[in-house]
C-alpha cells in the first residue's frame with residue numbers, strides 16, 4: 001500500500017533509473033511510434049506516480065491518443081519499454097482500464113446501455129461464458145455510480161452525448177482497475193456531466209488509483225489535474241501540474257499556434273512574460 | 001423427395017444460413033467484402049470441380065473458401081500499404097480472381113456443369129435434382145444437407161462466441177485492451193462467411209448471395225434494440241423471403257433465386273418505410289409533429305410579445321396572427337386549434353392571449369429562462385387579462 005502513498009513528488013527528474021523497490025505507477029522509456037517510418041511519437045520517457053489524476057495536453061496531431069494506444073499495445077511501437085507498477089503491461093492488463101474516444105464506436109449498434117457497461121466485465125467472465133445475473137447486477141451498480149441507473153434498458157443510440165460518455169466511464173469502472181486511460185472524456189459533454197465525471201475521477205484518486213486523461217481545455221488544467229504531461233510528438237514537460245504548467249512550457253508545446261497560446265496564457269493567469 | 005419440397009428446403013436453409021453471419025457483416029460495415037468473397041471463391045469452385053469432378057466431397061466447399069480468406073488477407077495487406085484510400089483494393093482483387101473462373105468456364109468443352117449465367121444467379125432447381133443417396137435411398141437434395149450443416153455451424157459459432165463477437169464488432173480497441181484480441185476471431189468469422197458463401201453458391205450464385213447476406217440483416221437492424229433480436233429477425237426475414245420468393249417464382253414461372261433476393265429487397269423497403277422510430281414514415285411523422293410544436297411556440301411567443309408590450313388587438317386576433325406570422329390560413333387555424341387544446345393559449349373576446357402554461361413552454365426554449373416566465377408571474381398572462389376585466 002505504501003506504493004500508493006508516494007505521490008505528489010515531482011517526477012520531472014528523468015533517468016530516475018529502473019523500477020526498484022517503489023516502482024512508479026507508469027514507467028515509460030524510449031517509446032517511439034512510427035507509421036511507415038514517419039514518427040508520431042519520439043523517444044517518450046515518463047514516470048508517473050500512483051494516485052494522481054494526470055492530464056495529457058498538446059496540440060492536434062501531437063500524438064496524445066497514440067501515446068495511450070501505444071502504452072496499451074493497441075498500436076505497435078518501434079522501440080521502447082512500458083511498465084505498469086513495475087511490470088510489463090502484458091502482465092498487468094487486468095488492472096488497466098481504457099476509455100476510448102466516444103466517436104470511435106458506432107452508437108447505432110443494437111445493444112442496451114447495460115450491455116455496454118457489462119462489456120467491462122468480459123475479461124473477468126472469460127471466454128465462452130455468458131454474462132450472468134451477478135455480473136449484470138455489478139454493471140447496474142456502476143451505472144448508478146455515474147447517475148445513469150434509469151437508462152439501463154435504453155438502446156445506446158437513444159442516449160445524449162453526455163450520457164454516452166457516462167456509460168463509457170461506467171464500463172471502465174466495472175473493470176475495477178488500478179489505472180485508467182481516458183481519451184477525451186469531456187469531448188462534447190455538457191458542463192454538469194463534466195463536473196460529474198471529474199468528481200468520479202477525483203474519487204478514483206482518493207482510492208489510490210491513477211487516472212490519465214487526454215484533455216483539450218487548457219483553462220481547466222490547473223483545477224483538474226495534479227500531474228501533467230505536455231506532449232508534442234515528444235514530452236515537452238512532465239511533472240506536478242503546479243510546476244510544469246508554465247507559459248514557457250506552453251509555448252514550447254503549442255509552438256506558433258497563437259490563438260491557442262493566448263488563451264493558454266489567459267488560463268495560467270498572473271504569469272507575465 | 002419430390003421437386004417442390006426439395007427446392008423449398010434448399011431455399012430456406014440457404015437463406016437462414018446466410019442471415020446469421022450477415023448480421024455481423026452489416027454491423028461491421030463489410031457488406032461489400034461479402035460481395036468480394038462471393039466472386040473470389042468462384043475460380044476455386046471451378047478448379048475444385050475440375051479436379052474432383054462430379055465426386056462430391058467436403059473439399060468442394062472448404063477448398064474454394066480458402067480463396068475467400070485469401071481475398072480478405074490480400075485486401076488487408078493492400079490497405080496496410082496506405083497507397084489507396086477506401087475500397088479500391090477490394091475492387092481490384094475480386095474481379096481479377098473472378099475472371100480466372102470466368103475464363104476457365106467460358107472455354108468450350110470445359111466439361112463443367114456451369115454456365116456464366118448460373119454463376120451469377122445460381123440454379124436452385126438444378127441443385128434440387130441432385131439427391132443425396134444413402135444405402136441406395138434418396139433422402140433429399142444434397143444441397144439441403146450441405147446448407148443445413150453450414151447453418152448449424154453458423155449458429156454454433158455465433159452462440160459459442162456471442163459475447164466475444166458482440167464486443168469485438170462494437171469496440172475492437174476496447175476488446176483488445178481487455179485481452180480479447182480480435183484478429184483471430186475475425187479470421188475465424190471470415191472463414192464461416194466464406195464457407196457459407198461457397199455453400200450457397202450452387203443455389204443462389206455469386207450476386208444474389210450478397211442479397212441474402214445483407215438485406216435481411218439490414219432490415220433486422222432497423223427494428224432491433226438488441227443483438228439477439230437482430231439475429232432472430234434476420235433469420236425470420238430470410239426464411240420468409242425464401243418461402244414467399246419460391247411461390248412467387250413458381251406462379252410467375254421465374255427463377256427462384258431471383259424471386260428470393262427480390263423478396264429480401266421488398267422486406268427491406270418495407271422496414272425502411274415503416275420501422276418505428278428509425279423508419280422513414282415515422283421520421284416524417286416526428287418532423288411534422290416538431291413543425292407543429294415549433295409553430296405553437298412561435299405563436300405563444302408572438303402573443304406574449306403583444307400582450308406584454310404594445311398591445312395591438314389586431315395582432316392577436318385570428319386574422320392578425322395569420323397576417324403577422326405569414327402562415328397559410330389552414331396551417332394557422334391548425335396551430336391555433338392545437339394551442340387551444342394544449343392550453344397554451346386562450347381565446348377572449350378581443351383575440352388570443354397566452355396562458356401561464358404557454359409562458360412556461362416558451363421559457364423552456366429561451367436561454368435566459370426567467371424573462372418570459374417572470375413577466376408572466378408579475379404581469380400575468382391570461383391571469384392578468386382576467387384581472388383587468390374584473
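The values are calculated or read from the model by the stated rules, or taken from the named source; none is laboratory data. No experiment lies behind these values; they were computed from the predicted model shown. Cβ: placed from backbone, ideal geometry, glycine included. Neighbour counts: every protein chain shown.
Just a few scattered comments:
- Residues in region B:248-260 that are at pLDDT 90 or above and within 17 Å of residue B:202 (Cα to Cα): B:259, B:260.
- Region A:158-167, subset more than 9 Å from chain B (Cβ to nearest Cβ) and more than 15 Å from residue A:203 (Cβ to Cβ), residue surrounded by the fewest Cβ atoms within 10 Å (Cβ to Cβ): A:160
- Failed item in (1) assigned to a helix (DSSP H, G or I); (2) modelled with pLDDT of 75 or more; (3) in contact with a strand residue (DSSP E or B) (Cβ under 7 Å, 6 or more places away or on another chain), with residue B:352 passing the rest: (1)
- Index of the failed condition, residue B:169 passing every other in (1) in contact with a strand residue (DSSP E or B) (Cβ under 7 Å, 6 or more places away or on another chain); (2) at the interface with another protein chain (Cβ under 10 Å from one of its Cβ atoms); (3) part of a helix (DSSP H, G or I): (1)
- Qualifying residue in region B:184-207 (condition: without any contact (Cβ under 8 Å) to a residue 24 or more places away in the chain, within 14 Å of chain A (Cβ to nearest Cβ) and assigned to a loop (DSSP other than H, G, I, E, B)): no
- Condition check for residue A:102 on (1) in contact with a strand residue (DSSP E or B) (Cβ under 9 Å, 6 or more places away or on another chain); (2) more than 10 Å from chain B (Cβ to nearest Cβ); (3) surrounded by 18 or more Cβ atoms within 10 Å (Cβ to Cβ); (4) under 30 Å from residue A:47 (Cβ atoms): one failure, at (1).
- Scanning region A:131-168 for residues that are part of a helix (DSSP H, G or I) and touching a strand residue (DSSP E or B) at 6+ places or on another chain (Cβ under 6 Å) yields one hit, A:168.
- Per-region count, region A:188-209, residues under 26 Å from residue A:254 (Cα atoms) and surrounded by 15 or more Cβ atoms within 10 Å (Cβ to Cβ): 3
- Some residue of region A:60-77 being touching a residue at least 40 places away in the same chain (Cβ under 8 Å), more than 8 Å from chain B (Cβ to nearest Cβ), over 30 Å from residue A:240 (Cβ atoms) and surrounded by fewer than 22 Cβ atoms within 10 Å (Cβ to Cβ): yes
- From the options B:65, B:128, B:143, B:138, residue that is in contact with a strand residue (DSSP E or B) (Cβ under 8 Å, 6 or more places away or on another chain), buried (at least 16 other Cβ atoms within 10 Å of the Cβ) and at negative phi: B:128
Residue-wise test of (1) out of contact with any helix residue (DSSP H, G or I) (no Cβ under 6 Å at 6 or more places or on another chain); (2) away from chain A (no Cβ under 14 Å); (3) modelled with pLDDT of 85 or more.
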site: B:86; (1), (2), (3): yes, yes, no
site: B:100; (1), (2), (3): no, yes, yes
site: B:103; (1), (2), (3): yes, yes, yes
site: B:107; (1), (2), (3): yes, yes, no
site: B:114; (1), (2), (3): no, yes, no
site: B:145; (1), (2), (3): yes, yes, yes
site: B:156; (1), (2), (3): yes, no, yes
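- If you go through region B:268-296 and pick out every residue that is surrounded by fewer than 18 Cβ atoms within 10 Å (Cβ to Cβ) and within 18 Å of residue B:341 (Cβ to Cβ), you end up with 7.
- Every residue from region A:108-130 that is within 8 Å of chain B (Cβ to nearest Cβ) and in a helix (DSSP H, G or I): A:115, A:116, A:119, A:120, A:122, A:123, A:125
- Test: residue in region B:234-243 that is buried (at least 19 other Cβ atoms within 10 Å of the Cβ), under 14 Å from the mean Cα position of the chain (by Cα), within 14 Å of another protein chain (Cβ to nearest Cβ) and in a helix (DSSP H, G or I): yes
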